[in-house]
Amino acid sequence: MQVLHGEATAPAFARLLKKTLEPDDYVLLAHVFEEISVLALHHLVPEALLFDAFAFDLYWDELREDVARLRAGTGNEKFCENFEIASERAREYRADRPPKTRWAHGDEGPHRGGDPRPDRPREGSPARPPGRAQTARLP
């Protein structure tokens, strides 16, 4: 988080979110996302944590053409390959999980994990560790 919100990268990341990138932003952000992707793909950072916090698939969509141009210009087909792989995994992650705001409205749609409303924490959540029965609340 510090990398993206740090002094050197924060302005470019903010422009990415607003879709107002400047020419120097593309390579900087591609390198940052490549480095973060390497950590995730080697299981040093849980993919779920990364994909829940960041829209890697959408960031790739924004930077893909510039990465392709750099690959062609340098002859380095491996440039940002981890970022590309992570973006596909992020796309699958996003497709498998609807926005959490649906849970607050009681939408029992086809998402994993049921309905983790605040009054009924999911099994394995900090409020309800695995294997512990939920105790009944008295009025």
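The values are calculated or read from the model by the stated rules, or taken from the named source; none is laboratory data. All values derive from a computational prediction rather than experimental measurement. Glycine gets a Cβ as well: all are built from the backbone with ideal geometry, and neighbour counts include every protein chain shown. Surface accessibility is based on the protein's heavy atoms, side chains included, excluding ligands, DNA and RNA. Shrake-Rupley method; radii C 1.70, N 1.55, O 1.52, S 1.80 Å.
What nm distance separates the two modelled labels at Leu44 and Ala14, each placed 7 Å from Cα along Cα→Cβ?
2.9
Could you please state how large a percent of the accessible area of region 18-62 is carbon and sulfur, counting protein chains only and using a 1.4 Å probe?
Its accessible area is 60 percent carbon and sulfur atoms.
Per residue, how much accessible area does region 3-75 show when a 1.4 Å probe rolls over the protein heavy atoms, in square angstrom?
58
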